[in-house]
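Participant: Attaching a single structure in structure tokens format; questions to follow.
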Amino acid sequence: MEVAIRKLTTIEEVHLIKPLEEKVWQSATVPLHQLYTAIQNGGLLIGAFDEDRLIGFSYSFPGFRNGSVFLCSHMLGIDPDYRSQGIGRKLKEKQLIEAEQMGYELIVWTYDPLESRNAYLNLAKLHGICSTYLENWYGEMADGLNQGLPSDRFKVEWWIRSARVQTAWTPDGIQFERPCSISYTASGQPQIREVAGQLHSSADGYEIPVPSNIQELKKLEPSLAYNWRMQLRDIFQQLFSDGYAAVGVRRSDSEEGICYYQLVRRETIPL
């Protein structure tokens, strides 16, 4: 299958977004007039097409803080029939190219830190970083993907002109400490058994576990999914406040249903 990725600029193209957005999130959509106005004023809308069918999109708009302008990447959605085919990465790579041409140096977005698939794309593939934890950022959400848990988010920073991104920099020679041990429930679902002592700020890096499939976990054991949210909230808030940043995700070789976030000192990342 040949997937075409292109920038969307016309009101007719904007109208293609609504049915796909409804299919992905099963909730109310962004008003089309707002989308169109944003992309005419520094925003960016990119679509992925299978022939004439829109199968994915990303939407971003300008942001401003402390005298600096950046691009806020607000939505990325893939048709469920086309997932796990690398379309999300293609959309982000096109976003990077277009954003550079528009003069941006930084793109930011949020995602649920329990969604390990998104984490792998954002950190391991795109080489974003995260050192900001947003607690219950959107309040209670009732859409198909987010309902049932507080809407905690990681804020990704994608420094698109940095050595981290341009050379696909990853930490080398780091001894990662693992402060969390894992056990399994009677139904075979992973849980954090304990955190060994207090997290300290002398380690070069940490590996912190996250479920491989939080949506399945929410269906089978919702209380356990909630526990993951609360436990990881405490861990990441402490590590970020101590100067660490998440830079990678890897699947565990020995523990079923677990991936590991890799965190290093933010000051060591070439941004």
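The values are calculated or read from the model by the stated rules, or taken from the named source; none is laboratory data. Here the structure is a predicted model, which is why all the values come from computation and not from measurement. Here the Cβ positions follow ideal geometry from the backbone for every residue, glycine too, while neighbour counts run over all protein chains shown.
Participant: List the pairs whose first member sits in segment 91-104 and is in the same structural domain as Leu71 (by TED's automatic domain parsing), whose second member is in a helix (DSSP H, G or I) and surrounded by 15 or more Cβ atoms within 10 Å (Cβ to Cβ), and whose Cβ atoms are under 8 Å apart, counting only residues at least 6 apart or on separate chains?
Facilitator: Partner pairs satisfying both residue conditions: Lys92/Leu121; Leu96/Val165.
Participant: Residues in segment 31-54: is at least one under 20 Å from Asp112 (Cα atoms) and either at pLDDT 95 or above or assigned by TED's automatic domain parsing to the domain that holds Gly103 (or both)?
Facilitator: Looking through segment 31-54, none of the residues is under 20 Å from Asp112 (Cα atoms) and either at pLDDT 95 or above or assigned by TED's automatic domain parsing to the domain that holds Gly103 (or both).
Participant: Take Glu140 and decide whether it is assigned by TED's automatic domain parsing to the domain that holds Arg83, farther than 20 Å from Leu263 by Cβ, free of Cβ contacts under 8 Å to residues at least 24 places away in the same chain and outside any strand (DSSP E or B). Steps first, answer last, please.
Facilitator: Details: assigned by TED's automatic domain parsing to the domain that holds Arg83: yes; farther than 20 Å from Leu263 by Cβ: yes; free of Cβ contacts under 8 Å to residues at least 24 places away in the same chain: yes; outside any strand (DSSP E or B): yes.
Yes.
Participant: Would you say Gly148 is assigned by TED's automatic domain parsing to the domain that holds Lys23 and on the phi > 0 side of the Ramachandran plot?
Facilitator: Yes: the conditions hold for Gly148.
Participant: Return the residue satisfying two criteria in turn: it lies in segment 223-244 and is within 28 Å of Trp158 (Cβ to Cβ) and aromatic (Phe, Trp, Tyr), and of such residues it is surrounded by the most Cβ atoms within 10 Å (Cβ to Cβ).
Facilitator: Here the residue is Tyr244.
Participant: Against the condition touching a Gly at 6+ places or on another chain (Cβ under 7 Å), surrounded by 20 or more Cβ atoms within 10 Å (Cβ to Cβ) and at negative phi, how does Val247 come out, does it pass? If you could, list the steps in order and put the result at the bottom.
Facilitator: On the way: touching a Gly at 6+ places or on another chain (Cβ under 7 Å): no; surrounded by 20 or more Cβ atoms within 10 Å (Cβ to Cβ): yes; at negative phi: yes.
Criteria not met by Val247.
Participant: Let me ask something else. List the residue pairs whose Cβ atoms are under 8 Å apart, where the first residue sits in segment 206-231 and is in contact (Cβ under 8 Å) with a residue 60 or more places away in the chain, the second is part of a strand (DSSP E or B) and of a type in the set (Val, Ile, Thr), and the two are 6 or more positions apart or on different chains.
Facilitator: Within 8 Å, the pairs are Val210/Val249; Val210/Ile258; Pro211/Ile258; Ser212/Ile258; Trp228/Ile192; Trp228/Val210.
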